[in-house]
Amino acid sequence: MDSHITRIVVVGGTAAGWTAAARLASAFRETVSVTVLETPSRSDFQETGQVAAVGPEIQRDLFDRLGVPEEEWMRACCASFSVAVRHVNWRTEGPAEIAARTMAGGGVDHFYSPCSEIPECEDSLLSDHWHYRRKNGETIEPFDHACFREPPLMDAGKSPRWLDGRAALPYGWHVDSRMFTEFLRNLATGRFGVRAVRDELLHAERDADGMLTVLHTAKGRALPGEFFLDCSGPEGLLIAGTLQEPFTGARDRLPCDSAVTVTVPHDHTAHGIEPFATATALPAGRAWKMPLPGRFGAGYVYAREWTDPDEAASTLCGLWGLRPERAVVRHIALRTGHSRRSWVKNCVAVGPAACSLEPPAAGPLSGGVLDSLDRLVRDFPSRQDREGPAARFNRAVGAGSARARDAAQLLYRAAPRADTPFWKSQKELPLSAELADCLAAYRAGLTPDGQELDHVGVLAALAPGRAAPRAALAHRQDVRDVADAHFLRIKRQQQILLETLPTAEQYLRRLHGRPAPAQDSGRTAHRLTLSHDRAGHPPPQAGDPHLGVVAFPEAQKGSDLALSE
């Protein structure tokens, strides 16, 4: 008897569902048939044609594997760049407003969290040296401007790519959710032979071992399968509905339970397109803004304990000069948390069906979709042991869900605001053992471990005075000298990129208005050393383990920076 699984059924015509279908069909080709049951979605706000964010890994981990150039899917999804998140008014108290306030010690209350990693410097992070210099009165420069190239470029609205398509910075994207989902659907069905069935799930049959065998639809269809994926969004039609797997909520740590969204017209030809998302702290939650050509998506995540839906809608519309009675306002009930197990019997929940976050972090491919699919492709089960990889898979997904929850909570917890009941309550909420240990290590000036690296930028921006300098640096003048040179190098790179990069509006106007520029394979590129990241950008040069390489415009051959052929 053949032990190979040959029929996969995906429930949910969401972006996560079509991503899963395309990824599995492309990996297993003609050996497996994939069917997607496109069920009506009642709760997944990502599928309503709004603006959503997708991370830097999507090109490398999805579209490159599917053979899709970046320019192709960006045009199809009306996409723009997202180089960073700009956080506004997280350190100052006051009413709901989008303009950054002035802080008591001077300076403007906003900071950037770029897609780039914090640079390494010898055996330490550059952030360690920033803390050391700050404690010793050697700098008053904000953390993000000192340690990353991106902040002044974002202030100037610069593109992360030159006009000929070469990348200068790591970045993600903003997309039209509906267009993004439709593109993935067309890709899966047209290029990889995935079958689409538009219908509503009625019930599922299970065998004596509890395995799913057939899905029955409202229109009388029967969809047999040997392996099933639940990509139905937070509803979890299979994982929570049929299989009754419990949901572990995160309301005790992330009390926001509602969101309201609007789409705002925007004349990008006159005002440009911001190459970043914005997260603004409000008295009872936080607002977001994600730009696209011609419009931007805006929303407000809040807790009903401290404000009601009508007041939230009025607040959000007031930020952007809209009249609530004339705006198309969408109200969303949030359920943050995760399924206790993501792999149950022969069913795997992927995306929001497995882990639900607050928007805008709850993007169309949130919940570790690409990581889960990579793991599933590597450890795909046989028909005789369809639960074999489940325990390891569930541990990995559970750990990822916990990290995502901790990252969301840390932003609220580290903010010094305490001017409203909402912000006061954040200081009293319980922390996971991992997050509590991270905060204790930060206060003691210890080197971050593993996933704590994701928290370094937020802590340095929101709680710089709470960290002790790393004691070992007092004994390492040689390492401090290397760091000083690195800080200077970042400043030079910032200036050159300010002078050479086009604006995001210029690049996107060219991208969306014309065919993609031809690849210039015959010219020798002059190059500028720039710090590297893990987003798939160029590898380090020999002899300098902390710097990578990106192509540099021909016109800059006379720069004061050392260039190499």
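The values are calculated or read from the model by the stated rules, or taken from the named source; none is laboratory data. What you see is a predicted model; the values in this text were computed from it and never measured. Don't worry about glycine lacking a Cβ; one is built from the backbone with ideal geometry, like all the others, and counts go over all protein chains shown.
Couple of notes before you dig in:
- Residues in segment 448-468 that are touching a helix residue (DSSP H, G or I) at 6+ places or on another chain (Cβ under 7 Å) and surrounded by fewer than 17 Cβ atoms within 10 Å (Cβ to Cβ): Gln451, Pro464, Arg466, Ala468.
- All positions within segment 123-144 that are in contact with a helix residue (DSSP H, G or I) (Cβ under 6 Å, 6 or more places away or on another chain) and either small (Gly, Ala, Ser) or buried (at least 19 other Cβ atoms within 10 Å of the Cβ) (or both): Leu126, Ser127, His129, Trp130, Tyr132, Phe143, Asp144
- All conditions but one from (1) touching a Leu at 6+ places or on another chain (Cβ under 7 Å); (2) closer than 14 Å to Asp406 by Cβ apply to Tyr507; the one that does not is (2).
- Unique residue being within 29 Å of Arg286 (Cβ to Cβ) and in contact with a Leu (Cβ under 7 Å, 6 or more places away or on another chain) when the list is Ala407, Ala414: Ala414
- Checked against (1) touching a Ser or Thr at 6+ places or on another chain (Cβ under 8 Å); (2) under 27 Å from Ala53 (Cβ atoms), Thr280 meets all criteria but (1).
- Segment 486-516, residues that are surrounded by fewer than 13 Cβ atoms within 10 Å (Cβ to Cβ) and either in a loop (DSSP other than H, G, I, E, B) or at pLDDT 95 or above (or both): Leu488, Glu499, Arg514, Pro515
- Qualifying residue in segment 176-192 (condition: part of a strand (DSSP E or B) and either of a type in the set (Asp, Glu) or touching a residue at least 40 places away in the same chain (Cβ under 8 Å) (or both)): yes
- Search result, residues across segment 345-379 that are in contact with a strand residue (DSSP E or B) (Cβ under 8 Å, 6 or more places away or on another chain), more than 19 Å from Arg251 (Cα to Cα) and either surrounded by fewer than 18 Cβ atoms within 10 Å (Cβ to Cβ) or among the aliphatic types (A, V, I, L, M) (or both): Val348, Ala349, Val350, Leu365, Leu376
- Search result, residues across segment 51-73 that are surrounded by 16 or more Cβ atoms within 10 Å (Cβ to Cβ) and part of a helix (DSSP H, G or I): Glu57, Ile58, Gln59, Asp61, Leu62, Phe63, Arg65, Leu66, Glu70, Trp73
- Failed criterion for Ala79 (all others in (1) touching a Leu at 6+ places or on another chain (Cβ under 7 Å); (2) buried (at least 21 other Cβ atoms within 10 Å of the Cβ) hold): (1)
- Of the residues Ser401, Ser382, the single one that is modelled with pLDDT under 95 and over 14 Å from His338 (Cα atoms) is Ser382.
- Per the listing Gly297, Gly241, the residue uniquely in a helix (DSSP H, G or I) and of a type outside the set (S, T, N, Q) is Gly241.
- Cβ-Cβ contacts under 7 Å between residues 6 or more apart (or on different chains), taken from a first residue in segment 205-221 that is closer than 18 Å to Ser382 by Cα to a second residue that is among the aromatic types (Phe, Trp, Tyr) and surrounded by 15 or more Cβ atoms within 10 Å (Cβ to Cβ), are listed as Leu212/Phe228.
- The set of residues from segment 152-177 being surrounded by fewer than 24 Cβ atoms within 10 Å (Cβ to Cβ) and over 18 Å from the mean Cα position of the chain (by Cα) comprises Pro152, Asp155, Ala156, Gly157, Arg161, Trp162, Leu163, Asp164, Gly165, Arg166, Ala167.
- The set of residues from segment 256-273 being assigned to a strand (DSSP E or B) and out of contact with any strand residue (DSSP E or B) (no Cβ under 7 Å at 6 or more places or on another chain) is empty.
- Only one of Ser432, Ser372, Ser401, Ser366 that is under 30 Å from Trp130 (Cα atoms), within 23 Å of the chain's Cα centre (by Cα) and not acidic (Asp, Glu): Ser432
- Among the residues of segment 267-312, none is identified as surrounded by fewer than 21 Cβ atoms within 10 Å (Cβ to Cβ), over 18 Å from Pro421 (Cβ atoms) and of a type in the set (Phe, Trp, Tyr).
- None of Val51, Val32 is modelled with pLDDT of 95 or more and among the hydrophobic types (A, V, I, L, M, F, W, C) except Val32.
- Residue check, Leu439 in contact (Cβ under 8 Å) with a residue 40 or more places away in the chain and either buried (at least 19 other Cβ atoms within 10 Å of the Cβ) or more than 20 Å from the chain's Cα centre (by Cα) (or both): no
- Filtering segment 195-225 to residues that are under 28 Å from Gly67 (Cα atoms) and surrounded by fewer than 24 Cβ atoms within 10 Å (Cβ to Cβ) leaves Arg195, Ala196, Val197, Arg198.
- Taking the criterion of being under 23 Å from Pro283 (Cβ atoms) and in a helix (DSSP H, G or I), the residues of segment 417-449 that qualify are Pro421, Phe422, Trp423, Lys424, Ser425, Gln426.
- Exactly one residue out of Ser80, Ser124, Ser113 is under 29 Å from Gly297 (Cα atoms), among the small types (Gly, Ala, Ser) and touching a Lys or Arg at 6+ places or on another chain (Cβ under 9 Å), and it is Ser113.
- The set of residues in segment 62-92 that are within 28 Å of Ala460 (Cβ to Cβ) and among the acidic types (Asp, Glu) is empty.
- Cβ-Cβ distances below 6 Å connect the following pairs, each with a first residue in segment 451-477 that is under 18 Å from Ile118 (Cβ atoms), a second residue that is aliphatic (A, V, I, L, M) and part of a loop (DSSP other than H, G, I, E, B), and a separation of six or more residues or different chains: Val456/Ile118; Leu462/Ala415.
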